[in-house]
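The values are calculated or read from the model by the stated rules, or taken from the named source; none is laboratory data. Remember, it's a predicted structure, so these values are computed and weren't measured experimentally. Cβ placement follows ideal geometry from the backbone for every residue including glycine, while neighbour counts extend to all protein chains displayed.
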Amino acid sequence: MRLLKFQSVIEIPVELVVDDIELRTPIADDFEEWLALRTASADFLQPWEPTWDPADTRRSTFRQRIKRYHADLKSGKSISLFIFIDNDKHPAAAKILVGGITIANIRRGVSQSCTIGYWMGEAYADRGIMGKTVRRIIPYIFDDLKLHRIEAAAIQSNAPSISLLNKCGFKFEGKVRKYLKIHGKWQDHRLYSFLSDDPRPPG
């Protein structure tokens, strides 16, 4: 796996290559592929995400989001990455976008922690892609970002996400009441953590 060292100012886009998966900072040229994936997966993703405004899928809004991603990356606040895999139908073609993962709320000082969040297009769910991505991003967070604690939260009814976190070695810490406003309402979540000295998940 090829990793870029985290610095206070990072050259963008960041690229992490994990076997047949590529994680890369989003760029403006990703808009059409991102829009197609999000549109095709809208009903699938809706129960697990904040409510989207129609304007959120406009090209201009996407460009603003990209600027924010890059600003947060440079400042060390968060790292947003798109997930790409090989095109099975056309192996020689460019990789295709299948989802995203974010290392957010990066806190230094006495905390040295972050949270991760992720999403996957419906057509690529249940193929082990996100599990592989999470298992490979754990050593990046600890060994390159030098953080101590990773947090992740899942709505109590989100069985696939809960299963993924368990399989990747995250430990359940308890239920958090009305933690995030998802799908238009404040919802209870299950909180998980992974510490730098916890056993690493197998590749």
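When region 40-64 is filtered for residues that are part of a helix (DSSP H, G or I), touching a residue at least 24 places away in the same chain (Cβ under 8 Å) and not charged (D, E, K, R), the ones remaining, listed by number, are ALA40, PHE44, LEU45, GLN46, PRO47, TRP48, PHE62. Are any residues in region 15-39 in a helix (DSSP H, G or I) and surrounded by 14 or more Cβ atoms within 10 Å (Cβ to Cβ), and if so, which ones? Those that are in a helix (DSSP H, G or I) and surrounded by 14 or more Cβ atoms within 10 Å (Cβ to Cβ): ASP30, PHE31, GLU33, TRP34, LEU35, LEU37, ARG38.
Taking region 45-64 as the range and being over 24 Å from SER113 (Cβ atoms) and surrounded by 15 or more Cβ atoms within 10 Å (Cβ to Cβ) as the test, the residues that pass are LEU45, THR57, PHE62.
When region 164-174 is filtered for residues that are surrounded by 12 or more Cβ atoms within 10 Å (Cβ to Cβ) and either out of contact with any Gly (no Cβ under 9 Å at 6 or more places or on another chain) or modelled with pLDDT under 95 (or both), the ones remaining, listed by number, are LEU165, ASN166, GLY169, PHE170, LYS171, PHE172, GLU173. Quick check on region 87-99. Is at least one of its residues modelled with pLDDT of 95 or more, part of a loop (DSSP other than H, G, I, E, B) and basic (Lys, Arg)? No, every residue in region 87-99 fails to be modelled with pLDDT of 95 or more, part of a loop (DSSP other than H, G, I, E, B) and basic (Lys, Arg).
Looking across region 144-159 at every residue that is within 23 Å of GLU22 (Cβ to Cβ) and touching a residue at least 60 places away in the same chain (Cβ under 8 Å), the one that is surrounded by the most Cβ atoms within 10 Å (Cβ to Cβ) is identified as LEU145. Screening GLU151 on (1) part of a strand (DSSP E or B); (2) under 27 Å from TRP34 (Cα atoms); (3) in contact with a helix residue (DSSP H, G or I) (Cβ under 9 Å, 6 or more places away or on another chain) shows it passes everything except condition (3).
Among the residues of region 154-171, what is the count of those that are part of a strand (DSSP E or B) and either in contact with a helix residue (DSSP H, G or I) (Cβ under 8 Å, 6 or more places away or on another chain) or farther than 24 Å from ARG127 by Cα (or both)? So the count comes out to 2.
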